[in-house]
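This report refers to the structure that appears directly beneath it.
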Amino acid sequence: MKAHGTVHKYMDNVDTDVIIPARYLNSSDPSELAAHCMEDIDSDFVNNVKQGDIIVARNNFGCGSSREHAPIAIKASGIGCVIAATFARIFYRNAINIGLPIMECHEAAENINPGDEVEVDFDTGVIKDITTGKEFKAEPFPEFIKDIINKNGLLNSITKEN
């Protein structure tokens, strides 16, 4: 399992209210949420994001409310992975539950720059900045989390196939 894309970088304490502003929470449609993803912190995000791109942030990404809309908006926008030094715990669990790959790696969060091309190997935890040639090591996903992500979310991973 890998992600490969261009980096959109943010700093500390990106909260769920800037990931998806509350004024759009009257919809649970992923494409509608994606259309407004990050608009209060990065008005060009929706115009610049491409399928497979990667968000890199520093500390406490996803703080604030416990709404699942935030990781849904990020995933539906095409982001292939979020890398941060740390995540708010509820956001972390919500992201895994909906099948959005996220990795904690302080060194990557500090050293990867906006616009860099990055590849993430979820099996090994290796994050490679193609632009600079630097490599960083995060904790690889355990098998049960890989299964959740591969099946596009927790509910799909526990549904028995007929």
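For segment 45-162, the convex hull drawn through the C-alpha positions has a volume of 108 cubic angstrom per residue.
Working note: Karplus 6.51/-1.76/1.60 with θ = phi - 60° gives segment 10-20 the couplings 9, 9, 6, 6, 6, 8, 5, 6, 8, 5, 9 Hz, where Gly and Pro are set to x.
Would you please classify the overall shape of segment 1-69 from the alpha carbon gyration tensor, given that a ≥ b ≥ c denote the square roots of the eigenvalues, rounded means a/c under 1.5, and beyond that prolate means a/b larger than b/c while oblate covers the rest? Oblate, because a/c is 1.5 or more while a/b does not exceed b/c.
Taking the chain as a Gaussian network, Cα atoms linked when under 10 Å apart, which of T86, T131, T16 shows the biggest mean-square fluctuation? Per the Cα network of the chain with a 10 Å cutoff, T131 tops the list. Largest accessible area first, the listed residues V126, V82 line up as V126, V82 when surface is computed with a 1.4 Å probe on the assembled protein chains. As a length-normalised measure over Cα pairs under 8 Å and 6 or more apart, the relative contact order of the chain settles at 24 percent. Our note on the geometry: Cα centres of segment 124-162 and segment 70-111, 11 Å apart. Accessible surface of segment 42-106, 1.4 Å probe: 47 percent of it comes from carbon and sulfur atoms. Average accessible surface for the chain: 48 Å² per residue, computed with a 1.4 Å probe over protein heavy atoms with every protein chain in place.
Top mean-square fluctuation among D29, D17, D121, Gaussian network model of the chain, C-alpha springs under 10 Å? Looking only at D29, D17, D121, the biggest GNM fluctuation is shown by D29. Scalar couplings 3J(HN,Hα) for segment 135-149, obtained by applying the Karplus form with A = 6.51, B = -1.76, C = 1.60 to θ = phi - 60°, are 10, 10, 10, 10, 6, x, 5, x, 4, 5, 6, 4, 5, 4, 5 Hz; x denotes Gly and Pro.
Taking 29 Å as the straight-line reach from the Cα of K9, the lysines in range (excluding those fewer than 8 positions away in the same chain) are K50, K75, K128, K134, K137, K146, K151.
Bridging of K2 to aspartates and glutamates at a Cα separation below 16 Å is possible for D53, E104, E117, E119, D121, D123, D129, E135, E139, E143, D147, once same-chain residues fewer than 8 apart are set aside. The amide H of M103, built 1.01 Å from its N in the peptide plane, has V82, I83, A84 as neighbours under 5 Å, considering only residues 5 or more places off or on other chains.
With all protein chains in place and ligands, DNA and RNA left out, the 1.4 Å accessible area ranks I98, I19 as I98, I19, largest first.
In order along segment 90-107, the Karplus-derived 3J(HN,Hα) couplings, from 6.51 cos²θ - 1.76 cosθ + 1.60 at θ = phi - 60°, round to 5, 4, 4, 5, 4, 4, 4, 4, 9, x, 8, x, 9, 9, 9, 7, 4, 4 Hz, and Gly and Pro are given as x.
The values are calculated or read from the model by the stated rules, or taken from the named source; none is laboratory data. Predicted model, so just to flag it, every value in this text is computed and none were measured. For accessibility, only protein heavy atoms count, side chains too; no ligands or nucleic acids. Shrake-Rupley method; radii C 1.70, N 1.55, O 1.52, S 1.80 Å.
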